[in-house]
Amino acid sequence: MTTALTRNPWAGFALRRCWRLLVSLAVLVTASFAMIHLIPGDPVRAALGTTASPALVAAEKHSLGLDQPLLSQYVTFLGNLFRGRLGESISTQLPVSQIISSRLPATLEIAVPAFVLILLTAIPLGMSAAVLTKDGRRRRGELAFTTATGLLGAVPEYLLAVGLVAAFAVALPIFPAASQGGPSSYVLPVLSLTVIPAAVLSRIVRVETLRVLGEDYMRTARAKRLPARLHYLRHALPNLLTSSLTLGGMLFTSLLAGTVLIENVFAWPGLGATIVTAITQKDYPLVQGIVLVYGSASLLITFAVDMALGLADPQSTIRGS
Amino acid sequence: MSSLELRGITVRYGRFTAVENVDLLVPEGTVTGLVGGSGSGKSTLGKAVVGLAPITAGQVLVDGGDLGRRRGRGPVQLVFQNPYASLDPRMTVGAAVAEALPRTGRAARSTEVARYLELVGIDPSRAVLTPDALSGGQRQRVALARALAARPGVLIADEITSALDVSVQGAVLNLLRELQRELGFAMLFISHNLAVVRYLSDQVAVMDEGRLVECGPTDRVLRQPEHATTRTLLACVPTISPAEEAS
Amino acid sequence: MPHLPSPSVPSSSLLHRLRRTLRTPLGVTALTACIVLAVVAVLGPMLFGAEADRVDTNAIDQGSSMAHLLGTDDLGRDIAARVVVATRLSLELTLQATVIGVVGGLLLGVAPTVLGRRLGRLVTATVGVLVAFPGLLFVLFLATVFGVGSTGAMFAIGVATVPSMARLVQNMTASIAGSDYVAAARILGVGRFRLVSRHLLPNIAEPSALFATQAAAGILLSFSGLSFLGLGVQAPQYDWGRLLNEQLNGIYVNPVAALAPGVAVVLTGLTFGLVGEVFAKASGRRAPLSRQQPPSEQSAMAPAPLPDESAEGALVQVHDLRVGFPDGREAVRGVSLTIGHGEALGLVGESGSGKSLTALALADLVPHPGRVQAAEITFDGHDLRSDPHLGTTLAMVFQDPMASLNPALRVGRQLSEVAEVHLGSTRAQARARAVDRLSAVRIPSAARRARQRPHEYSGGMRQRAVIAMGLMGEPKLVIADEPTTALDVTVQQQVLDLLAEVRTETGAALLLISHDLAVVAQVCERVLVMYAGRIVEDLPVAELVGGAAHPYTRALVGAIPTMTTDPNTELATIPGRPPEPGDADQGCSFAPRCALATDRCRSTRPELVGFDTGRRVACWHPVGAVLPLDVRPVDAEAAS
């Protein structure tokens, strides 16, 4: 990279991140194309069942383009991808893009509120835990916090979901146990997605806060005898945000994956429930399409977090490769 | 006895030139002090000689022979600045020194290790300890023993006393001077401290922004500096006694 | 440099530390949990296998009862027995997948170091791309390829663990490969594979083991998740996830049955977590401290009487200052000093002498868990023990200018807030004052620089900015703790000049802490020499060369070559090493290293007593000084 852009460290950083995003997307597209070819045996026969007539299998292979040479299949696949065509589902014969666009909103409707809730609870919680327990104060409070968040971290999300259903839909029928409906039907799925990542993130935030409070510049701030509000909010918060988000970035992509399990518990009509059915029914074009959507969404989230961090903390652009 | 000759050494990292076209001769059995501010490229030059920094252009000659890209135990060894980082925390002192020795039998090895530890003033019975049981000065002695165990013709000392306490620094300098006179290796002594360089060196080389700006006998360079950088460095040496300042 | 990690307590081997950790309550819990798991996994299928598989059409979908503790499933099989029997398969699959993940991760992680630069980069880049995908997506993709079933799922989950493990190993090996000791081994011609086996692997073993236990916990959860989705273990085999899947539909009828396999998953996950904690503790990061000693008895001692010569109207008056730690170590052991208005005082000592803690105690900035005690500590007439609010009359300058400014805030903001908080200035006034102060420390184009963040400043400029920060108010004392140690020689001079200039312009007193006698000699009038937590000599700068009375001060001066040292003479050396703060404290702390030491030095501690005018020394055999006999403590005479 010898353009003038690299002289500006931020522009160089942005360029490197864009390049990485493009490479990752290319890898994702190629992997999802390769998936059907990696399956041992005859995937079409496996999908249609052993009773399907050879003529039917051949016809299906033809419609999937599997009788073409590999390279031309790849070119066709890329061409279709650019026009937004993802092929047809084997089981329903509907276009994959249509299935995805009808299912995606339901997933986003629980993922986005969960994302916001995680941020809104984990950061204040972790920070206050750190401030209250720093310098060996409130040893019991510290123990309670680490134990509680540690326990929550060991619980799989879907299990929490089952527990929540058992408690708030079966034992105390406050919320509906399954399926999408009115606003109350969102409560349990969103909570199931929020609680565990929020606990894990607040642990990270606490550790990061303690680290930041021990930094030399916080000693400088102490030497200035600032009121606590300025000390923590102005001096500590920006520094711990950047580092916590770097560590927590992975959490957000895994949130997306978490929806797969949660949707299955609540019979939520989103993408996650769809991909599981598609995998069991060996509906490869549909799996392929959904993998592409999930994969590119994760890459975009990572990219967005990186860029936001680069803007917030210019030093990370120099560090970052 | 070996000499070290650098011919047109250039080190570039991408667009940044750390060392540019440096020619320097360290005659056999003598000490050359290399001074300069931070970022002058003096440490990079030292690393380039032992192959830890990529040489973009130029040659390193030991006894007139090109060092090239040869592998294995080199005739040039380097002692690092920070003795807390230059010894493997999981390796005993004895194993660290043994790593530098040519492959021989077990018994011969341990006598050699003991010999080198004794040479730098460390009780050989301490060979079984890991570095965290040693003080900074003792660690630096071990690092020195390790470098000497490789029987180098040329030794590069990269700010070896600047991480040490004052009371220890003197002892390490005494030891280094004594060993150099006794074993007769050529030495490139890199330091930002002119007084220390003056104490040890026969010749002084001054670097600034990657270039060698002045080089000559210690006395001449420090008494009649020719280059502005040398004069600035001399002016910045803090002195203890006010009387010196006046003179 | 004085801020390097002090030589730590000699550490024993990992095995030894592991054994010690296993004796703590945490270790006992972890070990017990592991044994219970192993026993259940081995014996469970033998004891309860038959019952778990017995179909009973008379007892379909029952709730919990005496006969069936957790009820029965839709074929009338006992759920409790099935949960117990499922332990073996769940653990087997988890451990197999963990082995795949860890081995694959180690191979890929170490590969960049062993392979050439180009191939290594390719591996690093590939791993970098792969870690961006969430693990579950990986698992779903691989499960599609490998096919639904336990073997497929085991490979899928194992392979999906590889990227994150590889990334961790890569980061660790990269930092070790960049270390000086690996560089030294390279110069010695140690080959790539020996480098990996002798230097890299031993140094990453502990964090890798820790990660492996965490990965195992994660894999256990993923496996149960996959089986729960119906993509993992297939009937008639069953693991906990599969059981959960089967019971979910019955959650209205028998919620306990639906949750029981989940509880098993969580408990097992916690066991892995505990094992990880044991590793973390044993690896030293959270090592159990040796029994903490009760706080030193020193505090109970009656404070020594105040010296009668205590100067009236001194700016700082400190008597018998002590800084101790909860483990009983005392880093500052009874320091008394006065700083006059406008005086420039140097505080000199080696690392561990307690000079920095003395300065931090004056500014009420001693870090946790240090405890400050003093018979008297006043600043500008205020007793600091009752009223530590120093406001803007005290300015601090720290050692590392790279770390002492907040990287997230603009420099101007960091200055102006002082005026806003303490002087009641408006935002605009404060900003103008900040720019004014920045130009006062000769930062060029201060208005523009004030809008920049610290990383755009050079080291010298940052240190100027810190000094400017202290000048926002009207300081009466500037404490500078090793202000030039981290700076280049040429910049060092400029910062020292600036400090001297600040002093003459504001009339503030200066306390300059340094390990470098020459630095102190340039700026200060009077020097205090500290050794092992005490002041051993107090003398005018002019007396440093040739006039020092304490053997330690003389040795310090002689140990540094100056521009006039004869290159043919040996430098003065001090044998031995300074005592650690926890060492036994009897007699003169310097006696073991002192050539002049006598029995009296080893048994009785000399007090810091005055002689001449304004000079003090703590020594029984001061060089060239005649101490008035009556000043010496009588009991000390008797003891010797």
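Dimensions of chain C along the principal axes, based on C-alpha atoms and rounded to the nearest Å, stand at 106, 65, 59, largest first. Ranked by the mean number of other Cβ atoms within 10 Å of their residues, highest first, the peptides A:280-291, C:445-456 come out as A:280-291, C:445-456. Ranking C:THR504, C:PRO540, C:GLN429 by Cα position along the charge dipole of the range C:419-547, where only Lys, Arg, Asp and Glu carry charges on their C-beta atoms, puts C:GLN429 farthest toward the positive end. Under a 5 Å amide H cut-off, with hydrogens placed 1.01 Å from N, C:GLU376 pairs with C:HIS319 among residues at least 5 apart or on other chains. Rg then Dmax, both in Å and based on the Cα atoms of chain B: 18.3, 61.
Can you give the Rg/Rh ratio of the range B:12-120, where Rg is from the C-alpha atoms and Rh is the Kirkwood radius?
Rg/Rh: 1.01.
Ranked from largest, the principal axis spans of the Cα set of the protein assembly as shown equal 110, 73, 69 Å.
Projecting the Cα atoms of A:LEU240, C:ILE443, C:THR271 onto the charge dipole of the protein assembly as shown (Cβ charges, centred on the Cα centre) puts C:THR271 farthest toward the positive pole.
Can you figure out the FRET efficiency of A:SER63 with C:ARG194, using R₀ = 51 Å and their beta-carbon distance, to the nearest 0.05? Spell out each step's value before the answer.
On the way: r = 58 Å, r/R0 = 1.14.
Given R0 = 51 Å and the Cβ-Cβ separation, E is 0.30.
Packing around the peptides B:215-222, C:107-114, taken as the average count of other Cβ atoms within 10 Å per residue, puts them in this order, highest first: C:107-114, B:215-222. Here's how it looks for B:ALA18: its modeled amide H is under 5 Å from those of B:VAL11, B:ARG12, B:TYR13, which are all 5 or more places away or on a different chain. Counts of other chain beta carbons within 10 angstrom of each beta carbon in peptide A:220-232 average 6.
Comparing A:ILE204, A:ILE100, A:ILE39 in a Gaussian network model of chain A (Cα springs below 10 Å), the most mobile by mean-square fluctuation is A:ILE39.
Please give the length that would be gained between C:SER64 and C:GLU92 if that part of the chain were fully extended, namely 0.36 nm times their separation in residues minus their C-alpha to C-alpha distance (nm, one decimal).
Result: 7.2 nm gained on full extension.
Hey, what angle do you get for helix C:201-228 against the long axis of chain C, alpha-carbon based, 0 to 90 degrees rounded to 10? Tilt of helix C:201-228: around 40 degrees. Which part of the range C:524-562 falls in the paramagnetic zone of C:ALA595, meaning amide N under 16 Å from the point 7 Å along Cα-to-beta-carbon? So the set is C:546-560.
The trypsin sites (Lys or Arg not before Pro) found in the range A:39-100 that occupy coil by DSSP, while having at most 15 further C-beta atoms within 10 Å, are A:ARG83, A:ARG85. Taken residue by residue and averaged, Cβ atoms of other chains lying within 10 Å of the Cβ of B:91-100 number 3.
Extending 7 Å from the Cα toward the beta-carbon at both C:ASN249 and B:ASP66 defines two label points whose distance is 7.9 nm. By DSSP, the beta bridges lying fully in the protein assembly as shown are antiparallel in about 60 percent of cases.
Residues whose amide H comes within less than 5 Å of that of B:MET207, counting only those at least five positions distant or on another chain, are B:VAL35, B:GLY36, B:VAL213 (H built at 1.01 Å from N in the peptide plane).
The lysines whose alpha-carbon is closer than 25 Å to the alpha-carbon of A:LYS61, local same-chain residues fewer than 8 away aside, are A:LYS282. As a proxy for reagent exposure, ranking A:TRP10, C:TRP620, A:TRP19 by other Cβ atoms within 10 Å from fewest up yields A:TRP19, A:TRP10, C:TRP620.
Could you identify which residue out of B:GLN138, B:GLN224, B:GLN203 has the top mean-square fluctuation in a GNM of chain B using Cα springs shorter than 10 Å? Looking only at B:GLN138, B:GLN224, B:GLN203, the largest GNM fluctuation is found for B:GLN224. Here the gap between C:LEU122 and C:SER445, fully extended at 0.36 nm per residue and compared with their Cα-Cα distance, gives a gain of 111.7 nm. Projecting label points 7 angstrom from Cα along Cα→Cβ for B:THR111 and C:GLN237 puts them 6.2 nm apart.
Explain nothing, just the number: dipole magnitude of the range C:14-282 about its Cα centre with +1 on each Lys and Arg Cβ and -1 on each Asp and Glu Cβ, in debye rounded to the nearest 20.
Values: 18 positive and 13 negative charges, 358 e Å.
Around 1720 debye, computed over the range C:14-282.
Taken about its Cα centre, the range B:101-213 carries a charge dipole of about 500 debye when Lys and Arg each add +1 at the Cβ and Asp and Glu each add -1 at the Cβ. Within the range B:118-247, antiparallel bridges make up roughly 55 percent of the DSSP beta bridges whose residues both belong there.
Across chain B, the relative contact order, built from alpha-carbon pairs under 8 Å that are at least six residues apart, equals 27 percent. Within the listed set B:VAL142, B:VAL204, B:VAL22, the Gaussian network model of chain B (springs between alpha-carbon atoms below 10 Å) gives the highest mean-square fluctuation for B:VAL22. Using the alpha carbons alone, the radius of gyration of the range A:18-82 stands to its Kirkwood radius in an Rg to Rh ratio of 1.08. From helices alone, the protein assembly as shown scores -16500 deg cm²/dmol at 222 nm; the rule is -39500 (n - 2.57) for each run of n ≥ 4 DSSP H residues, then divide by the residue total.
On the principal axes of its alpha-carbon atoms, the range C:14-282 has extents of 78, 46, 27 Å, going from largest to smallest. Per residue of peptide C:322-331, the mean number of Cβ atoms on other chains within 10 Å of the residue Cβ is 0. Residue ranges B:51-64, C:339-352 sort as C:339-352, B:51-64 when ordered by packing (mean number of other C-beta atoms within 10 Å per residue, highest first).
Can you tell me how chain A classifies by the Cα gyration tensor, rounded, prolate or oblate, using a/c under 1.5 as the rounded cut? Oblate shape, in that a/c is at least 1.5 and b/c is the bigger or equal ratio. Legend: calculated FRET efficiency, A:PHE82 to A:TRP10, from the Cβ-Cβ distance at R0 = 22 Å, rounded to 0.05, equals 0.10.
Considering only chain C, what is the antiparallel percent among its DSSP beta bridges, to the nearest 5? Expressed as a percentage, antiparallel bridges in chain C total about 60.
About the Cα centre, and with charges only on the beta carbon of Lys, Arg (+1) and Asp, Glu (-1), how big is the dipole of chain C? Nearest 20 debye, please.
The calculated dipole for chain C is roughly 2220 debye.
A Förster radius of 56 Å combined with the Cβ-Cβ distance from C:ASN171 to C:ALA428 puts the calculated FRET efficiency at roughly 0.75.
When all alpha carbon pairs of the range C:74-200 are counted in 10 Å bins from zero, the resulting P(r) reads 12, 31, 26, 17, 9, 4, 1, 0 %. Relative contact order for the range C:405-472: 44 percent, from Cα pairs under 8 Å spaced at least 6 residues apart, divided by residue count. Placing pseudo-labels 7 Å out from each Cα toward the beta carbon at B:GLN59 and B:ARG181 gives an inter-label distance of 3.5 nm.
Values quoted throughout were computed directly from the atomic coordinates according to the rules given, and no laboratory measurement underlies them. Only a predicted model underlies this, so the values are computations on that prediction, with no experimental measurement involved. Here Cβ is always computed from backbone atoms with ideal geometry, including for glycine, and neighbour counts include all displayed protein chains.
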